[in-house]
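Here's the structure, in structure tokens; my notes come after.
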Amino acid sequence: MSKEKILIVEDEREIADLVKDYLLDEGYEVFTAYDGEEGLSQYHRIKPDLVILDIMLPKVEGTEIARTIRSKSSIPIIMLSAKTKDIDKIISLGLGADDYMTKPFSPSELVARVKAHMRRYFLLSKPKLDDKEVIYQGRLTVHLNNYQVLLDDEVVYLSAREFEVLRLFVTNPNQVFSREQIFNLVWGFNEYGDINTVTVHIKKIREKIEKNPADPQMIKTVWGVGYKFVGEGS
Ligand code: CA
């Protein structure tokens, strides 16, 4: 089995190199880029399985890199920030990052998160032969096992969380979920964030699957209650 590839984009070299050492010890193949431009070119060259991305970077900002990656891939993105308020900002921007860590952080905690995201990503992107679950809802085809979503046969790239929100909807058509329910079901009670994250994710999903995101036909807002997916089934 070839090694899983990780790209670290971080202009503070001591941090990048320290994290690299920890990840090399875990058997990953690790690449580093010390500015945003280099980060993007390495991303296209290496095609990593996971990216660790600092927010404040010279030349191209981390937020822009996250947007670029997420427009064409579902790989896990872990963002690093020097300030908690930046994390609030990136969550509200809905860049599709999977995780966030504030500096200073413990490298072993970061490694633990990398492992968890890798595990989840590979488990879900590897189709299980005995369990090919595919859901067809109108223009959408959702492959539950490998996180693949097609809209009129075109691939739609969603972050893992966006996929999990969409999966909740398509597997429970016409059922109304409150934002609290969605947050608890998809993020879990102990996760960082709050129910506003749900609103941001639904906005992003609508932008990707709805013809007119301002007048959604699939994920409808049920005023004062929450959301429901309009579809076939119970
Ligand atoms: Ca930085």
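The values are calculated or read from the model by the stated rules, or taken from the named source; none is laboratory data. No experiment lies behind these values; they were computed from the predicted model shown. Every residue, glycine as well, gets a Cβ built from its backbone with ideal geometry; the counts of neighbours run over all protein chains shown. We work out accessible area using only protein heavy atoms, side chains counted, and drop any ligands, DNA or RNA first. Shrake-Rupley method; radii C 1.70, N 1.55, O 1.52, S 1.80 Å.
Given a 1.4 Å probe, how much area per residue of the chain is accessible, in Å²?
Details: 11930 Å² over 234 residues.
Dividing the accessible area of the chain by its residue count gives 51 Å².
Using only the Cα atoms of the stretch 140-219, each taken as one equal point scatterer with no solvent, compute I(q) by the Debye sum, divide by I(0), and report log10 of the ratio at q = 0.16, 0.27 Å⁻¹.
-0.58, -1.52
Once both axes come from the Cα atoms, what is the angle between helix 84-93 and the longest principal axis of the chain, in degrees from 0 to 90, rounded to 10?
40
In nanometres, what is the gap between the two model label sites at Arg119 and Leu150, each 7 Å from Cα along Cα-to-Cβ?
For the pair Arg119/Leu150, the computed spacing is 3.2 nm.
Hey, what angle do you get for helix 160-171 against the long axis of the chain, alpha-carbon based, 0 to 90 degrees rounded to 10?
20
Over all alpha-carbon pairs in the chain, figure out the percentage whose distance exceeds 25 Å.
Numbers: 11551 of 27261 pairs.
Of all Cα-Cα distances in the chain, 42 percent exceed 25 Å.
If the cut-off is a Cα-Cα distance under 20 Å, which aspartates and glutamates reach Lys228, setting aside same-chain residues fewer than 8 apart in sequence?
List returned: Glu162, Glu164, Glu180, Asp194, Glu207, Glu210, Asp215.
Please work out the C-alpha center-to-center distance from the stretch 157-234 to the stretch 9-26 and express it in whole Å.
36
Which angle between 0 and 90 degrees, to the nearest 10, do you get for helix 107-125 versus the longest principal axis of the chain when only C-alpha atoms count?
40
Lys59: which aspartates and glutamates have alpha carbons under 18 Å from its alpha carbon, excluding same-chain residues fewer than 8 sequence positions away?
Straight-distance partners of Lys59: Glu10, Asp11, Glu12, Asp35, Glu37, Glu38.
How would the stretch 10-72 be classified by its alpha-carbon gyration tensor: rounded, prolate or oblate, with rounded meaning a/c under 1.5 and the a/b versus b/c comparison settling the rest? If you can, show how the numbers build up before the last one.
Details: a/c = 2.12, a/b = 1.32, b/c = 1.61.
Here the stretch 10-72 falls in the oblate category.
By its C-alpha gyration tensor, with a ≥ b ≥ c as the square roots of the eigenvalues, how is the stretch 2-122 shaped: rounded for a/c under 1.5, else prolate for a/b larger than b/c, else oblate? Could the numbers behind the result be given before it?
Numbers: a/c = 1.26, a/b = 1.17, b/c = 1.08.
Note, shape of the stretch 2-122 comes out rounded.
Quick one: what are the phi-derived ³J(HN,Hα) couplings along the stretch 177-187, Karplus 6.51/-1.76/1.60 with θ = phi - 60°, whole Hz, x for glycine and proline?
Values per residue, Gly and Pro as x: 10, 7, 4, 4, 4, 4, 4, 5, 6, 9, 9 Hz.
Express the carbon and sulfur contribution to the solvent-accessible surface of the stretch 131-230 as a percent, rounded to the nearest whole number, probe 1.4 angstrom. Walk me through the numbers on the way to the answer.
Numbers: 2520 of 5100 Å².
C and S atoms contribute 49 percent here.
Can you pick out the pairs among Lys5/Lys103; Lys20/Lys203; Lys47/Lys103 whose Cα atoms lie more than 32 Å from each other?
Beyond 32 Å: Lys20/Lys203.
Over the chain, calculate the relative contact order: mean separation of alpha carbon pairs under 8 Å at least 6 apart, over the residue count, as a percent.
On the way: 374 pairs, mean separation 32.8, N = 234.
Relative contact order, the chain: 14 percent.
Once a ≥ b ≥ c are taken as the square roots of the eigenvalues of the Cα gyration tensor of the stretch 40-90, is the result rounded (a/c under 1.5), prolate (a/b larger than b/c) or oblate (a/b not larger than b/c)?
Prolate is the answer for the stretch 40-90, as a/c is 1.5 or above and a/b outweighs b/c.
Would you mind checking which residues have amide H under 5 Å from Met101's amide H? H placed 1.01 Å from N; only 5 or more apart, or other chain.
Here the answer is Met79, Leu80, Ser81, since their amide H atoms fall under 5 Å of that of Met101.
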